[in-house]
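The values are calculated or read from the model by the stated rules, or taken from the named source; none is laboratory data. Owing to the predicted nature of the structure, the values given are computational and were not obtained by experimental measurement. Every residue, glycine among them, receives a Cβ derived from its backbone with ideal geometry; neighbour counts consider all protein chains shown. SASA here: full protein model, heavy atoms, side chains in, ligands and nucleic acids out. Shrake-Rupley method; radii C 1.70, N 1.55, O 1.52, S 1.80 Å.
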Amino acid sequence: MDRLGTLTLLVAAGILASVLFVPPVVGLANNGDYGKVSLHYSLFSPNEDEFNFAPQIHQFLPEKRWDSGFFTSTHLPVQAALFLHRMSGQKDFDCRFLGGVYCALFLLALGIVQPCLTQLTTLRRALFSATLLLLLCDIVYIALFNSFFMDATALIGFLLAAAA
């Protein structure tokens, strides 16, 4: 990968890191859908304020486990995030582990597309890369990464498929 491609990835990584990992962490409030995925893994956060706040920390409460019978591809990144969580030794699950998994996949998609752009002039590549960053690193999309919404997996799947 050339310098422009590397610069694009570094800028994207910087934007993602500043929004998803540096306090105050950005996420999306639970509208009642988190449980379809989170409770399958016994991950619970108090739901009295679920429509007002984006819960970052989830407790492991085996008695709250619920199998909704709803299987989604979102289980795969959640399982990867749970693996990272176990490696960290932390007691409660922090959604930033899930954000990290989605960020890695997002950067992978962005990295896959960079060599495809080498046929363009430097100016066009720079404009295209800037447009990608402006559109794809918008808070509307990346706030999904720190949540259990299935839309995040759909977005990442689309980006990976488009890049490939």
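Output yes when any residue across segment 70-77 is modelled with pLDDT under 85 and assigned to a loop (DSSP other than H, G, I, E, B), and no when none is. For segment 70-77, residues modelled with pLDDT under 85 and assigned to a loop (DSSP other than H, G, I, E, B): present.
The set of residues in segment 60-84 that are farther than 22 Å from Leu144 by Cβ, surrounded by 12 or more Cβ atoms within 10 Å (Cβ to Cβ) and of a type outside the set (Phe, Trp, Tyr) comprises Leu61, Lys64, Arg65. Of the listed requirements (1) loosely packed, with under 14 Cβ neighbours inside 10 Å; (2) touching a Lys or Arg at 6+ places or on another chain (Cβ under 6 Å), Ser42 misses just one: (1). Scoring Gln90 on the criteria (1) open to solvent by 70 Å² or more (accessible area, probe 1.4 Å); (2) more than 18 Å from Phe21 (Cα to Cα); (3) of a type outside the set (Lys, Arg) leaves a single failure, condition (2). Just one of the numbered conditions (1) touching a residue at least 12 places away in the same chain (Cβ under 8 Å); (2) open to solvent by 40 Å² or more (accessible area, probe 1.4 Å) is not true of Ser18: (1). The single condition from (1) of a type in the set (A, V, I, L, M, F, W, C); (2) in contact with a Ser or Thr (Cβ under 8 Å, 6 or more places away or on another chain); (3) buried (at least 18 other Cβ atoms within 10 Å of the Cβ) that Cys103 fails is (2). When the residues of segment 36-59 are filtered to those that are within 12 Å of Phe149 (Cβ to Cβ) and at pLDDT below 90, which remaining residue is farthest from the chain's Cα centre (by Cα)? This residue is Lys36.
Condition check ((1) within 20 Å of the chain's Cα centre (by Cα); (2) farther than 16 Å from Val11 by Cβ; (3) part of a helix (DSSP H, G or I); (4) modelled with pLDDT under 95) across all residues:
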position	(1), (2), (3), (4)
Arg86	yes, yes, yes, no
Leu98	yes, yes, yes, no
Cys103	yes, no, yes, no
Phe106	yes, no, yes, no
Leu110	yes, no, yes, no
Pro115	no, yes, yes, yes
Thr118	no, yes, yes, yes
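Does at least one position in segment 142-157 carry a residue that is hydroxyl-bearing (Ser, Thr, Tyr), assigned to a helix (DSSP H, G or I) and open to solvent by 70 Å² or more (accessible area, probe 1.4 Å)? No: zero hits. Applying a threshold of 8 Å to beta carbon distances and a minimum spacing of six or more residues, or different chains, the list of pairs starting in segment 26-46 at a residue that is more than 15 Å from Ser68 (Cβ to Cβ) and of a type in the set (A, V, I, L, M, F, W, C) and ending at one that is open to solvent by 50 Å² or more (accessible area, probe 1.4 Å) and at pLDDT 85 or above reads Val26/Ile139. If I filter segment 125-141 down to residues being touching a residue at least 12 places away in the same chain (Cβ under 8 Å) and in a helix (DSSP H, G or I), which single residue comes out as surrounded by the fewest Cβ atoms within 10 Å (Cβ to Cβ)? Top of the filtered list is Ile139.
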